[in-house]
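Some notes on the structure that comes next.
What follows draws every value from the coordinates through simple rules; no lab data is involved. As the structure is a prediction and not an experimental result, all values here were calculated from the model. Note that we place each Cβ from the backbone using ideal geometry, even for glycine, and neighbour counts take in every protein chain shown.
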Amino acid sequence: MLLEVKAAQSFSSHIAMGMASVLLHFCASNNWSKYMEANSFLNDAIYLAENSDVAKAVAEGKYASGREEYEAIGQYQERNGVVFSGTEGNDRIQSSGQKSSVVGVKIKTAKSAGRLITIEAETLGVGELDTLQGSPGRNIFYLGDNATETPQDFYLGNGDQDYALIHFFDPTSEDAIYLAGSPEDYQFETVDSNVQISKNGDLIAIVEGISRLIPDGLFTNKGILLFAPQNAYYARRSQPYFNEPAYLAANPDVKELLDSGEYSSGWDHFMQKGSDEGRQTFFNGVVGNDSFFYPLGNAIVTGMPITEYDPATGAIKTATTGSGDYDHYHGAFGVNRFLVGNAGVDFYVGQGEQDHALIGDFDPKQDELIVAQAIQNYKFEIYEEEFGGEIYPLFQLSTQAGDVIARLEDPELELVQLPSTIPGTYALVSPENERIQQLQASFYEAYYLAANPDVVAAVKQGEYKTGFEQYLKVGQFGESDREIAGLFAGTDGNDTVTGFGSEFLLFGVALTEVDAEQEAYKTGSMGKGEVDTLIGAPGLTTFMIGNDHLLSPETEPAAFYVGNGDADYALIQNFDPLEDFLFTGGTAEDYVFQSVDNNLNISTSDGDLVAVIESGGSLTLKSFTIPERPNGLVLVDATNPILQQLGG
């Protein structure tokens, strides 16, 4: 097959008759005895509309039709507008040529648009059984349209009674399948070495002889393209930018699979399995200008060569900072973290607007722009790019001094700040980001409004829709005369709770009442039977693992998660020994601390596990009380500066 692909790429003229012999050999080997016969499904009108020289030749009488010219000449050239389309009934459609689009349904219009064509369907394939057959060269099989504002899938409505059967899909060439939605809209199942594509259980297509398909990272607008993992286009465009050492460092079990011979490389594992598993991966450029895309997130993407990745901390080192570079990269499906600064240093600084990153397909629901400074240190503007006589507005990020760092192909983008998973950086995300939706669900709005009457007034005046919006845009940074604490709480079940801001509190249990003035809380449960994960973030995090019952004086101060021994507890992650607190009820004598497997277990004096501080085995916890909360106990590490301020 490699011979045929290379031949197809090296001949661009119909006089290269060697190409014909290659095609005939390929067809014979696949039992395509009628391959070179005229194919009545070539859409003559579209072919003529897209190729004015052919239309002229037909008008001059040199050919009776566009199809006649295509059979004689066009199929040996890389022509636009080569569309093989079906009827309202069952069809068996055979493609041909170096570049073709194959559609089983009847279409109204089609127009070339880069690698894709824009299709408006007349019918949607309901009740049809169509067979779509590929040929040597590049074939794109369309299972949906894309000309309208809302793309539509084909072959939906009759379950497994209507679908497209795709033959001769070449996994190693640039063959692709177009779907009208997003990857999460569909189900992909391998049955008898074929991939079945369904939507809500309704069969759309069977791709014969293919065991796996993955989406092309370059397309996120109006549908997706699917390729086989071994596709030549992927390897040529993506693999050179894949950081193998970083991938293996982030996924140590993959190294074991390589040593056993199950996979040939980290790239091989990523394409065959890792991308489906959401593995942390890395795509980076080289010194100089880069332009690249990649198949799937969860990816850290940067134009700088990544020289080191520490999986324990998430820290990254790069070889350069991009001064003088111009890099262009596209987001892929999944979470993309575009790194344009690191360890306090902005990338692309030094030559004004001449060096920067141009980022396409930034998904506001998932993607993050990772920067070196807090959001207040940047300017956000709309930049108008002129290209081909047209004006294209771009979202521009620059330093306060006006040095451009990045431009994004989304002029309506709005960015707010969240904690980053990479130390020494900040994550700028859209308010639509899924992380923000999750944080808002656990944010205790009533407490924040009660503690901050000025925020209540701002919400009433329409300056903000909610207290959470004010906290996200302003409150998380604190004010000159006060710190505005956020409170994030769980439910009476198992939860994962995190927060953000200069100072915030984390509860794994449910709250039913708060007194902001006294900073007192009443819980819906005491955590019995729960296993909650509390994740700290930059800023002063207070992990609440007990209650002093200031609102319930008739109840004894106590720890949460007591009653089921080791089966209920709070798992505490990202505890910062220099800044963070733990708060519980009772006295120091009520608790014991034990280092277990590099974690620190906090238990009651009678051995009931309350909390586990992940990677906290070397901590030495000290306790103190504060006058306004005499029945509460604050726990900090011995290195926390607060102890010196308290005189011990």
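Annotations for the structure displayed:
- Anisotropy class of the range 447-645 from Cα gyration tensor, a/c 1.5 cut: prolate
- Spin-label model distance (nm) - VAL345 vs THR639, 7 Å beyond Cα toward Cβ: 2.5
- Potential extension, ALA312-THR131 segment - 0.36 nm per residue separation minus Cα distance: 60.0 nm
- Förster radius 22 Å - calculated FRET efficiency between ALA374 and GLU414 (Cβ-Cβ, nearest 0.05): 0.85
- Modelled label reach - ASP53, point 7 Å along Cα→Cβ, the range 75-113 residues with backbone N closer than 13 Å: 75-80
- Computed label-point distance, nm, for sites GLN461 and LEU258 using a 7 Å Cα→Cβ extension: 5.8
- Full extension of the chain between ASP454 and SER595 yields a length gain of 46.3 nm, computed as 0.36 nm times the residue separation minus the alpha carbon distance.
- The value obtained for the range 147-253, namely the Cα convex hull volume divided by the number of residues, is 137 Å³ per residue.
- PHE477-LYS62 FRET efficiency (beta carbon distance; Förster radius 60 Å; 0.05 resolution): 0.25
- By definition, a body whose alpha carbon gyration tensor gives a ≥ b ≥ c is oblate when a/c is 1.5 or more and a/b is not larger than b/c, and the range 528-648 fits this oblate description.
- Label-point separation in nm, GLN161 to THR620, each point 7 Å along Cα→Cβ: 7.7
- Measuring nothing but how far apart in sequence close Cα pairs (under 8 Å, 6+ apart) lie, relative to its length, the range 238-432 scores a relative contact order of 16 percent.
- Contact order relative to length of the chain, as percent, for alpha carbon pairs under 8 angstrom and 6 or more apart: 5
- Semi-axis lengths, largest first, of the ellipsoid equivalent to the range 238-432 are 29, 17, 16 Å, with √(5λ) applied to each eigenvalue of the Cα gyration tensor.
- Signed unit charges on C-beta, dipole axis of the chain, positive-most listed residue LEU418, GLN133, VAL371: GLN133
- Annotation: amide H-H contacts under 5 Å for ALA176 (H modelled 1.01 Å from N, sequence separation of 5 or more, or interchain): ASN139, ILE140, PHE141.
- Modelled label reach - GLU353, point 7 Å along Cα→Cβ, the range 314-333 residues with backbone N closer than 20 Å: 323-329
- Interchain or long-range residues, amide H under 5 Å from PHE581's placed H: THR541, THR542, PHE543
- For the range 54-119, averaging the sequence separation of C-alpha pairs within contact (under 8 Å, six or more residues apart) and dividing by the residue count gives a relative contact order of 24 percent.
- Over the chain, the alpha carbon radius of gyration divided by the compact-protein estimate 2.2 N^0.38 Å works out to 1.17.
- Computed from the C-beta positions of ARG92 and LYS365, the FRET efficiency with R₀ = 45 Å rounds to 0.65.
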